[in-house]
Structure formats: C-alpha cells, structure tokens
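Report on one structure; see the data block that follows.
The values are calculated or read from the model by the stated rules, or taken from the named source; none is laboratory data. All figures in this text were calculated on a predicted structure; none of them were measured in a lab. Here the Cβ positions follow ideal geometry from the backbone for every residue, glycine too, while neighbour counts run over all protein chains shown.
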Amino acid sequence: MIFFWAAVAALAAVLLWSNFYLQSSSMELPFERLPKSFDGFKIVQLADLHGRGRYGKNNARLIAEVKEEEPDIVVMSGDMLDDKDKTDDVLLSLAGQLAEDYPVYYVVGNHELRFTKARREAMLEKLRDVGVTVLDNQKVSLQKGGDSIDMFGLWFDLMFYERPSKKAARQNTDTYLFDKAKMERLIGERNGETFSLLLTHNPLYFDTYADWGADLTFSGHLHGGVVRLPFLGGMLSPDVTFFPRYNAGLYKQNGSTMVVSRGLGNGNPVPRFFSLPEVVTVTLHKV
C-alpha cells in the first residue's frame, strides 16, 4: 500500500510540475537576409494561455519572466483566450501591463475564432485600447537603425484546423488545401527583398509558409503535444492526431525557419504531462 500512495504522490507532483512550472526557452537564430540593425533583436513569444491566471496574481510570474528577457517586442500567437471564458480580464491585464514596456503584437487562434463575430471584435478592440497591435491578416513594418523588416499576422478559416476524412480530402482538394495562393489572397505576396516574420497560430501548414517565403514563423496551437515521451516527442494534437508534426521547438525547411511554442495554458481535457508551459525567447543574428 505504501508503494501505491508513493506512486500517487509522484504522479501528482509530476502533473503539478508539468502544468504550472514556467520554463524559459531561448534560441539564437542566424539569418543572412536579416538587416544589420536587427542583429541581436530579441522577440519573446507567448501562446495558448487560454485565459488562465495561472502564474501568480495577475500573472505576475509570467510578466516577470518576460521582463527578465528584456525583449524588443512581444508576440502573442493565438489562443490567449479560451472560447469558454466569460471575460477577457486576464488577457487584458497581461497584455496591458506588457504593452506599457514593449510593443506587443497579437494574432487570433482557433479559440478566438469560435467567438461570435461581435464578441471577437469587441475583445480585439479592447486589446487595441490597452496598446496591443492586432494583426488581422495584416502587415506591419518594424523599424530599427534605419532598417526595416516585415511582420505579417495570419489567421484562416476554422475548417483548416479540422482533420477531414481521407475521402473528403481527396474529393475536395481545393476546399481542404491551404496553399500559397490562398495565403497570398489573405496577406498578399511577400516582398522578396525584405526579411519577413510570420505570426500565425497553426504550425501544421509550415510547408505553405515556407513556400510563401516566410523567413521566420512563430506558431503554437499543439501545446507541445500535451503528453511528451522521451525520444518520441509530443503525442497528441487538438484534433486527436497522434504524434503530430511540428508539435514543439525549432523546424527548418527550404530556407524557412519555424518556432513552435508549447504554450502556457491547457485548453484540452487532457492535462499536460512532461510538456511544460514555456516562454520562448528568440534572438535574431545577422550572418
């Protein structure tokens, strides 16, 4: 019996650690196309908070973690609210405090897209009111030392978050395929001469982002695969695909790089297990 209760206590400790310990992940990424003035430019990424005040009163631990990194900008890559949340207070408090010190950029994820249009627009307007730049399939130019880079915020229809049957996918290729042409219709063509950052929630279309020409993409959505196993990585996606691609970390393809955050909250019925919440810090370098 003592071994049973020891096992229960150990499991409880692992679950608490997996769901509430805040890990800081840092990456140094080199790019040839990056302008010289942006060498050392630091970006903190937050994702998938799901409206929770999980990290101390008013998310004080989370804010302290961001401030310790001293970023140039903060990006929020979707699902910072949950579609079941009654209020926006937790997100607005976090975003407003960060916007006092840093430029903050926001793109919606699948949970915000489940809001009614009226509620989503009201929430985004509140974010703008506290100083956040909302990228609604839009581009902004980031300036430093006389140089500039482009940052795009991309979101797309909820159907592209679902897994169609193989038959439906074969019969409706144009419907279920999110390709470069559809991406260009949403955010336009990429300027081939300018370094491009892409902020978008769903990482599973990295092939498309690379084909479009994104130099660096920030995504989230998969919560690190929720349950992570040694040597195997993340086990689950929100659509219950096992061992999904691009579930956490750094990926490269055809000259394009993608950073996928494990996120901060738990928007699934399955609790995190060895998939720790994280604040991601990326420092850009000119090579």
When every residue in segment 265-283 that is assigned to a strand (DSSP E or B), among the hydrophobic types (A, V, I, L, M, F, W, C) and closer than 13 Å to Y21 by Cα is compared, the one modelled with the lowest pLDDT is F273
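Being in a strand (DSSP E or B) and modelled with pLDDT of 90 or more is the requirement here; does Y246 meet it? Don't jump to the end; show me each part of the working.
Working: in a strand (DSSP E or B): no; modelled with pLDDT of 90 or more: yes.
No; evaluated as a whole, the condition is false for this residue.
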Of the residues in segment 266-275, those that are crowded, with 24+ Cβ neighbours inside 10 Å and within 13 Å of R52 (Cβ to Cβ) come to R272
Would you call L91 in contact with a Gly (Cβ under 8 Å, 6 or more places away or on another chain) and outside any loop (DSSP other than H, G, I, E, B)?
yes
With criteria (1) touching a helix residue (DSSP H, G or I) at 6+ places or on another chain (Cβ under 7 Å); (2) surrounded by 22 or more Cβ atoms within 10 Å (Cβ to Cβ); (3) under 22 Å from G263 (Cα atoms), I149 comes up short on (3)
By residue number, the members of segment 244-286 that are of a type in the set (S, T, Y) and in contact with a His (Cβ under 7 Å, 6 or more places away or on another chain) are S275
The one condition L94 fails out of (1) buried (at least 20 other Cβ atoms within 10 Å of the Cβ); (2) under 17 Å from the mean Cα position of the chain (by Cα); (3) within 20 Å of T200 (Cβ to Cβ) is (3)
Condition set of a type in the set (F, W, Y) and out of contact with any Phe, Trp or Tyr (no Cβ under 7 Å at 6 or more places or on another chain), scope segment 203-242, selection surrounded by the fewest Cβ atoms within 10 Å (Cβ to Cβ): answer is F231
Query raised in the report: Is it the case that R262 is assigned to a loop (DSSP other than H, G, I, E, B) and under 20 Å from V66 (Cβ atoms)?
Result: yes
Only one of R262, R245 is crowded, with 20+ Cβ neighbours inside 10 Å and of a type in the set (D, E, K, R), namely R262
Expected output for segment 28-42 (first residue part of a loop (DSSP other than H, G, I, E, B), partner of a type in the set (D, E), Cβ below 7 Å, 6+ apart or cross-chain) is R33/D215; P35/D147; F41/D72
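I need a count of the residues in segment 189-240 that are of a type in the set (D, E, K, R) and touching a residue at least 60 places away in the same chain (Cβ under 8 Å). Break it down stepwise before answering.
The first filter runs over segment 189-240 and keeps only residues of a type in the set (D, E, K, R), leaving 189-190, 193, 207, 211, 215, 228, 239.
In the following step, the residues that additionally are touching a residue at least 60 places away in the same chain (Cβ under 8 Å) were identified as 215, 239.
Within segment 189-240, residues that are of a type in the set (D, E, K, R) and touching a residue at least 60 places away in the same chain (Cβ under 8 Å) number 2.
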